[in-house]
Amino acid sequence: MELQRLSLSDYRHGTKEQKSQFASQLLVGFATCGFVKLDNHEFDGETVRQMFEWNRRFFQLEEDAKASCAHVPGPWPQRGYSGIGRENFARYHSESFDIGPDYDDEFPNRWPEEAVLPGFRAYMEKAFHQFEQITFDLLEALEIGMNLTPGSFTSKCVRSSSEFRMIHYPPITVEDTQGGLISRAWPHYDIGVISLLFQDSVGGLEIDNGRGGFASATPEKPTDLIVNAAETIQRWSNGHLKAGLHRVTIPPSIKCGEEGRLPQRRSVVYFCKANRNASVAPLPELIKRDHIARYDDLTFLAYHQKRVQSAYA
């Protein structure tokens, strides 16, 4: 399954026709499988390399250094380090580090000591805002593609509750994954609005192929940015846009065998999420067009808590 490949520069710097075409293509990708690939964003090859170097350096810290900034389990936004097996709903064989916006005083970020990993906090905060701008560009494009009032999506993401996550999947045997109890990531939808993903070359990400199975989404080059629609924008669009179902499993190069060891894998993902007080009900103008609201009305925070309340042991 070949994902639609779009160039963000067509939207940011292109002609009116190029911007319109970008918006239309993005809309098609989100309305069919919920995924596209994005090129010509602001993260070049060296920047992506540095991103994965920070990923490596954080997860190679001593366990007590990671534990010092551990996420407190519960149905609230993830902040800090989560060790292997903490996500009870999926039994993921992975560890992660999450931050939210630097202006979020209600759920502040948790950091390792600056002396332990100098420059890490400054890097993460800068990257967060770079990803944030990309998602605002994409939301604006969707407003154009769907002929919506400007700000229909973006206004709901001002002072967002977005999260930026580093993920490390340690090595694991193929046999361990075949028992049905452990997975790198079971099939799931993201809770937020739009997700942006960089992954290393190991492979294993698969997306719903629309025919009852999954297709590999291994990157062709390090700068391939995978973009997927998430549950909130499916709700806002009254179902016109489709949240992308995906999983992380055995890479294609190993899948043909029943034995062996999956190498470690790394990824970096930005989850664009709404302002926590914003409604996740369908847009009023779409309810009017469709003559029906397919989703109920509650705040994003209430929806988020409802979806993750059983995520931790």
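The values are calculated or read from the model by the stated rules, or taken from the named source; none is laboratory data. Keep in mind it's a predicted model, so treat the numbers as computed, not measured. Cβ coordinates were reconstructed from backbone atoms using ideal geometry, including for glycine residues, and neighbour counts include every protein chain displayed.
In summary, S201 fulfils each of the numbered conditions (1) hydroxyl-bearing (S, T, Y); (2) modelled with pLDDT of 90 or more; (3) part of a loop (DSSP other than H, G, I, E, B) with the single exception of condition (2). Please work out if I172 is modelled with pLDDT under 95, in contact with a helix residue (DSSP H, G or I) (Cβ under 9 Å, 6 or more places away or on another chain), β-branched (V, I, T) and over 20 Å from F43 (Cβ atoms). Against the criterion (modelled with pLDDT under 95, in contact with a helix residue (DSSP H, G or I) (Cβ under 9 Å, 6 or more places away or on another chain), β-branched (V, I, T) and over 20 Å from F43 (Cβ atoms)), I172 does not qualify.
Candidates in the range 33-71 are the residues that are touching a Pro at 6+ places or on another chain (Cβ under 6 Å) and crowded, with 18+ Cβ neighbours inside 10 Å; of these, the one that is nearest to P219 (Cα to Cα) is V48. Taken over the range 280-305, the criterion of being surrounded by 20 or more Cβ atoms within 10 Å (Cβ to Cβ) and not in a helix (DSSP H, G or I) is satisfied by V280, P282, L283. Looking only at the range 205-264, which residues are modelled with pLDDT under 95 and at positive phi? Correct list: G210, G212, G260.
When G145, G151, G119 are checked against the criterion of being small (G, A, S) and crowded, with 20+ Cβ neighbours inside 10 Å, a single residue qualifies: G145. Of the residues in the range 4-20, none is at pLDDT below 95, assigned to a loop (DSSP other than H, G, I, E, B) and buried (at least 19 other Cβ atoms within 10 Å of the Cβ). Could you tell me whether D102 is of a type in the set (D, E), over 25 Å from G29 (Cβ atoms) and touching a Ser or Thr at 6+ places or on another chain (Cβ under 8 Å)? So D102 does not fit the description; no. Among the conditions (1) among the hydrophobic types (A, V, I, L, M, F, W, C); (2) within 23 Å of N275 (Cβ to Cβ); (3) assigned to a loop (DSSP other than H, G, I, E, B), the only one that F30 does not satisfy is (3). Within the range 57-86, being part of a strand (DSSP E or B) and either among the small types (G, A, S) or over 18 Å from E113 (Cβ atoms) (or both) holds for A70, G80, S82. Return yes when G244 is without any contact (Cβ under 8 Å) to a residue 60 or more places away in the chain, among the small types (G, A, S) and over 25 Å from W54 (Cα atoms) and no when it is not. Spelling it out, it is not the case that G244 is without any contact (Cβ under 8 Å) to a residue 60 or more places away in the chain, among the small types (G, A, S) and over 25 Å from W54 (Cα atoms).
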